[in-house]
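Some notes on the structure that comes next.
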Amino acid sequence: MKRLGILAFLGLAVWACRPEPYKEIGDPYSVISGIDGSWSLDRVEVEDRSFPQWETREFTDFFVDNPVELDFNSSDNSYSITASSLDGLPFTSTNGTYAFDDPEYPSNLYLISTGGDTTMVELGNMVRSVDPLLLFQAMKSKCDAVYARYVYTFNRK
């Protein structure tokens with residue numbers, strides 16, 4: 001009788017320790033439509049890689065007198081850039097259309113100007129509609145060696 005009670009207790013203990021069934025996590029966020037909206041330049045950093053000890057400097061003050069705003073419209077894949085000058089930015093045009101290199105896992109953004117010129121900008125992060133930051137990065141190299149990395153941080157408006 002005692003044995004039967006112990007076996008019943010062990011059976012109940014094993015049954016109670018079963019994991020909960022998996023619940024649905026919902027639809028995944030789109031990284032393609034997540035870029036939609038207005039963005040303002042918040043921070044610009046350069047990582048100097050020309051020395052053995054890399055050094056990072058911020059030069060956001062340069063853009064205080066030249067505020068930069070990006071507007072992306074995912075319904076027609078258009079973009080516009082509002083800035084008094086594009087100096088120091090990885091962009092060459094102020095409006096046009098955009099495309100990603102890979103719709104599922106993008107790493108580069110192509111900005112196609114209305115004149116037909118294409119600029120490639122490397123994404124520092126994949127942006128979902130809930131993310132507050134958009135990061136672009138530009139690697140500068142010479143003789144097949146990277147000497148600097150520029151990081152442009154934009155805040156969602």
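The values are calculated or read from the model by the stated rules, or taken from the named source; none is laboratory data. As the structure is a prediction and not an experimental result, all values here were calculated from the model. Neighbour counts are summed over all protein chains in view; Cβ atoms, including those assigned to glycine, are modelled from backbone coordinates with ideal geometry.
In the stretch 127-157, which residues are surrounded by fewer than 12 Cβ atoms within 10 Å (Cβ to Cβ), in contact (Cβ under 8 Å) with a residue 60 or more places away in the chain and touching a strand residue (DSSP E or B) at 6+ places or on another chain (Cβ under 9 Å)?
Listed by number, the list holds a single entry, K157.
Against the definition (on the phi > 0 side of the Ramachandran plot and free of Cβ contacts under 8 Å to residues at least 40 places away in the same chain), how does N77 come out, yes or no? Steps first, answer last, please.
Working: on the phi > 0 side of the Ramachandran plot: yes; free of Cβ contacts under 8 Å to residues at least 40 places away in the same chain: yes.
For N77, the condition - on the phi > 0 side of the Ramachandran plot and free of Cβ contacts under 8 Å to residues at least 40 places away in the same chain - is met.
Filter the stretch 1-23 down to residues that are small (G, A, S) and exposed (fewer than 10 other Cβ atoms within 10 Å of the Cβ) and give me whichever is modelled with the highest pLDDT.
From the stretch 1-23, those small (G, A, S) are 5, 8, 11, 13, 16; that's our starting set.
In the following step, the residues that additionally are exposed (fewer than 10 other Cβ atoms within 10 Å of the Cβ) were identified as 5, 13, 16.
Values: G5: 74, A13: 71, A16: 70.
Checked the stretch 1-23; the qualifying residue modelled with the highest pLDDT is G5.
Just a yes or no: is a residue in the stretch 47-67 within 30 Å of D27 (Cβ to Cβ) and out of contact with any Lys or Arg (no Cβ under 8 Å at 6 or more places or on another chain)? Give the derivation first.
Filtering the stretch 47-67 down to residues within 30 Å of D27 (Cβ to Cβ) leaves none.
No, because not a single residue in the stretch 47-67 is within 30 Å of D27 (Cβ to Cβ) and out of contact with any Lys or Arg (no Cβ under 8 Å at 6 or more places or on another chain).
In the stretch 9-58, which residues are free of Cβ contacts under 8 Å to residues at least 24 places away in the same chain and within 28 Å of Y147 (Cα to Cα)? Reasoning before the result, please.
Going through the stretch 9-58, the residues free of Cβ contacts under 8 Å to residues at least 24 places away in the same chain turn out to be 9-28, 51-58.
Once the filter is applied, which keeps residues that are free of Cβ contacts under 8 Å to residues at least 24 places away in the same chain and within 28 Å of Y147 (Cα to Cα), the stretch 9-58 yields F51, P52, Q53, W54, E55, T56, R57, E58.
Condition first: at pLDDT 90 or above and under 21 Å from R57 (Cβ atoms). Can you find one or more residues in the stretch 68-82 that meet it?
Yes.
Please pick out the residue among T56, T92, T97 that is surrounded by 10 or more Cβ atoms within 10 Å (Cβ to Cβ) and not in a strand (DSSP E or B).
Working: T56 fails: not in a strand (DSSP E or B); T97 fails: not in a strand (DSSP E or B).
Result: T92 is the single residue among T56, T92, T97 that is surrounded by 10 or more Cβ atoms within 10 Å (Cβ to Cβ) and not in a strand (DSSP E or B).
Only one residue in S75, S50, S30 is surrounded by 13 or more Cβ atoms within 10 Å (Cβ to Cβ) and of a type in the set (S, T, N, Q), so which one is that? Spell out the reasoning first.
Values: S75 fails: surrounded by 13 or more Cβ atoms within 10 Å (Cβ to Cβ); S50 fails: surrounded by 13 or more Cβ atoms within 10 Å (Cβ to Cβ).
Going through S75, S50, S30 in turn, the sole match is S30.
In the stretch 100-126, how many are surrounded by 11 or more Cβ atoms within 10 Å (Cβ to Cβ) and not hydrophobic (A, V, I, L, M, F, W, C)?
Total meeting the criteria: 13.
In this structure, is F63 buried (at least 16 other Cβ atoms within 10 Å of the Cβ) and in contact with a helix residue (DSSP H, G or I) (Cβ under 8 Å, 6 or more places away or on another chain)? Break it down into steps so the answer makes sense when it comes.
Values: buried (at least 16 other Cβ atoms within 10 Å of the Cβ): yes; in contact with a helix residue (DSSP H, G or I) (Cβ under 8 Å, 6 or more places away or on another chain): no.
No, not satisfied.
If N95 satisfies every condition in (1) touching a Phe, Trp or Tyr at 6+ places or on another chain (Cβ under 6 Å); (2) free of Cβ contacts under 8 Å to residues at least 24 places away in the same chain but one, which is the exception?
Only one criterion is unmet by N95, namely (1).
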